[in-house]
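Notes to accompany the following structure.
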Amino acid sequence: MRPVIGIDPSLTATAAVADTFQGVITTKLTGPARLDHIRAEVEQCIIGATTSVPPLIVIEGYAFGRHNQAHQIGELGGVLRLMFWTADLEVLVVPPKSLKKFATGKGNAGKDLVVSAVTHRAGRIFDSNDIVDATVLHAIGHQILGQPHCLGDLPQTHLSALDKLTKDNE
């Protein structure tokens, strides 16, 4: 099986989920020091998940409707995407609406519904909604690769969320 890493990028709580680990990267740093810290921690996640086959990175795309801190989250996205590109990693970008639709069948689902649906399907409680989102991204990667994942068999309403996804380098 090809390894998959789901990443929910955030300036305050970047979540990463892989087959062998899950975690949230937090820091009180600001500015370039924060960006460098998050980049280094995500890089360690990739190194920890990499076997003889490079992982597929599945990252949540930008929430264009959120205007607070748009520039700063854009900086983080750019730093991470440059790191993935430099390492020649395959990256799949999942818009927030597609993440929600894959998890719940509805692209406009609220956070509570996403957490509830994923908790029910995965059969476990999650520490944060950041881990929930990264778990969904991880499952999307496995679904795209035709590999089993923790959300099990999903109905077509959920799977249709994958129809228009593109790789970051396309």
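The values are calculated or read from the model by the stated rules, or taken from the named source; none is laboratory data. Being a predicted model, the structure only gives us computed values, none of them experimental. Cβ atoms come from the backbone with ideal geometry, glycine included; neighbour counts cover every protein chain shown.
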**Request:** Could you check, for region 51-66, whether at least one of its residues is within 26 Å of H37 (Cβ to Cβ), part of a helix (DSSP H, G or I) and either hydrophobic (A, V, I, L, M, F, W, C) or modelled with pLDDT of 90 or more (or both)?
**Result:** no
The number of residues in region 1-47 that are part of a helix (DSSP H, G or I) and exposed (fewer than 15 other Cβ atoms within 10 Å of the Cβ) is 8
When region 74-121 is checked residue by residue, the ones that are surrounded by fewer than 18 Cβ atoms within 10 Å (Cβ to Cβ), among the small types (G, A, S) and assigned to a helix (DSSP H, G or I) are G74, G77, G78, S116
For region 81-104, state whether one or more residues are touching a residue at least 40 places away in the same chain (Cβ under 8 Å) and either touching a Ser or Thr at 6+ places or on another chain (Cβ under 6 Å) or farther than 18 Å from P9 by Cβ (or both).
-> yes
Apart from one, (1) at pLDDT below 95; (2) in contact with a Leu (Cβ under 8 Å, 6 or more places away or on another chain); (3) closer than 23 Å to T26 by Cα all hold for H71; the odd one out is (2)
For region 151-169, does any single residue satisfy the condition of being surrounded by fewer than 18 Cβ atoms within 10 Å (Cβ to Cβ), at pLDDT 95 or above and within 18 Å of A18 (Cβ to Cβ)?
no
Original post:
In this structure, does A139 turn out to be crowded, with 19+ Cβ neighbours inside 10 Å, in a helix (DSSP H, G or I) and in contact with a Ser or Thr (Cβ under 6 Å, 6 or more places away or on another chain)?
Top reply: no
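Determine whether region 76-92 contains at least one residue that is touching a Gly at 6+ places or on another chain (Cβ under 7 Å) and at pLDDT 95 or above.
Looking through region 76-92, at least one residue is touching a Gly at 6+ places or on another chain (Cβ under 7 Å) and at pLDDT 95 or above.
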Within region 1-54, of all residues that are hydroxyl-bearing (S, T, Y) and within 18 Å of A87 (Cα to Cα), the one farthest from the chain's Cα centre (by Cα) is S52
